[in-house]
Structure formats: structure tokens, C-alpha cells
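Here the structure is laid out as C-alpha cells; the discussion comes afterwards.
The values are calculated or read from the model by the stated rules, or taken from the named source; none is laboratory data. These figures come from a predicted structure and were not determined experimentally. All Cβ positions, even for glycine, are placed from backbone atoms using ideal geometry, and neighbour counts span all protein chains on display. When the accessible area is computed, the model is the full protein with side chains, heavy atoms only, and any ligands, DNA or RNA have been set aside. Shrake-Rupley method; radii C 1.70, N 1.55, O 1.52, S 1.80 Å.
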Amino acid sequence: MSVARFLLAAALAAPSFAADTDLSIGRLNYAGFRTKRHCTVALVGEQLALTAKHCIEGPPRDRLRIVLGYDRGEWKELHEVRKIIRVDKQDIAWLCLARPSAIQPIAVRSGSREKAIATATGYPRSAAHLQNPQQCHLQRGSPRARFLCPMEPGMSGSPVIEDTDEGRRSGAVVSGNAGSSSVVERVPAPPDC
């Protein structure tokens, strides 16, 4: 095969994502001289993403990268973070993207139903290159609630999504593990970027 034909074939080839990869969910990556870590992030607006606040504490904003639709080394979009908005007294951070996304975002729902079944999708450390959806009971609580599934590192920042009459809505994000359950933070109304 000629070099020109090879380059043309490579340019036309689309990434092969798993059929169930949610493109609006991705990894929030940070790599430094001695550090490499990730959390989960969700696109909730054309230029707005949502994650756990503890995921962005420490690394400089210009070293954070949002990789939407990440699946085994492939991704749909790569974004830089233009601005971080931290929510007072909650483990929630809004990330303003440097450019708009072409991916359909997850709608945000402030508050959620009592004892709902919901799904948290993220990238646990044990399977950091594949999305891992976990469906569990979401118990009532505000601003913190219990999600009756344990979550491992890497799942922090995962959107907790409920299917509603209006479609999929995220009303909480995973904050941390608490033994046999997880702590989630209820999502307030999104800010303007």
C-alpha cells in the first residue's frame, strides 16, 4: 500500500467506540512530573462540564484535560479547561471548556426523586480505560445523599443519572466511597460560563 493510500485510509477511519460508550461522559486527566491521575467528568452544556471538586484541587487549571467519550485510548473530543467554578460547601466543580462541544450534553436536574434507581457511569481505577455503569438505589438527602453501591477511585465526579419523563437527567455526582455505599452530592443549578 502506498503512503498516500495509507494516510487517506487512516484519515477516513472513525474511532471504534464500544456501542454503549456514552460520549457525554469522559475522563478528567492530569499528568505532571511525578503524578498521573484521573476522575470522571460529564458534559452538561455546550461549554460546561461537571465533576467532583476534590478532583481539581491541586493541579493547575492549564494542566487539566477533559477527554469526552474515552474508550480504550480513543476519544471523541479533547478539551482544555478555561475556567473552574467551585461550589461552596459541596464537592462539586463546574468546568468551563475553552471551546464548544459538538456532543449532546446530559441535562442537569436540581434535586431528584426519593429512593430512585439511578446509574453512575465512570472510569474506576481497576478498568480506567472503559466506562463502567453501576445501577443502584439513590437515597434521599441534601446536599449529600447515599448511593447504595460502593465506588472505587476514578469514579469520583461520575454523573448520577436518572431516567425521567423528560429524558436522562443528572441530579448528583459521585463524591466518595463510604464502605458499602457511596456519597453523592446533589447538583445545584448550573452557572453561566
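Apolar share of the accessible surface for region 96-188: 47 percent from carbon plus sulfur atoms, 1.4 Å probe. Taking Cα atoms only, the orientation of helix 3-12 departs from the longest principal axis of the chain by about 20 degrees. Given +1 at the Cβ of Lys and Arg, -1 at the Cβ of Asp and Glu and no other charges, the dipole of the chain around its Cα centre is 560 debye to the nearest 20.
Computed from the Cβ-Cβ distance with R0 of 35 Å, the FRET efficiency linking Asp62 to Ala178 stands at 0.60.
Counted by Cβ distance under 11 Å from Thr21, the other residues give a net charge of -2, where Lys and Arg count +1 and Asp and Glu count -1. The lysine pair tally for the chain, using Cα distances under 26 Å and a gap of 8 or more places or different chains, is 8.
Label-to-label distance for Thr164 and Asp192 is 2.3 nm, based on points extended 7 Å past Cα in the beta-carbon direction. What shape does the chain take by its C-alpha gyration tensor, where a ≥ b ≥ c are the square roots of the eigenvalues and a/c under 1.5 counts as rounded, a/b above b/c as prolate, and the rest as oblate? Prolate is the answer for the chain, as a/c is 1.5 or above and a/b outweighs b/c.
Per residue, the accessible area of the chain comes to 52 Å² when a 1.4 Å probe rolls over the protein heavy atoms.
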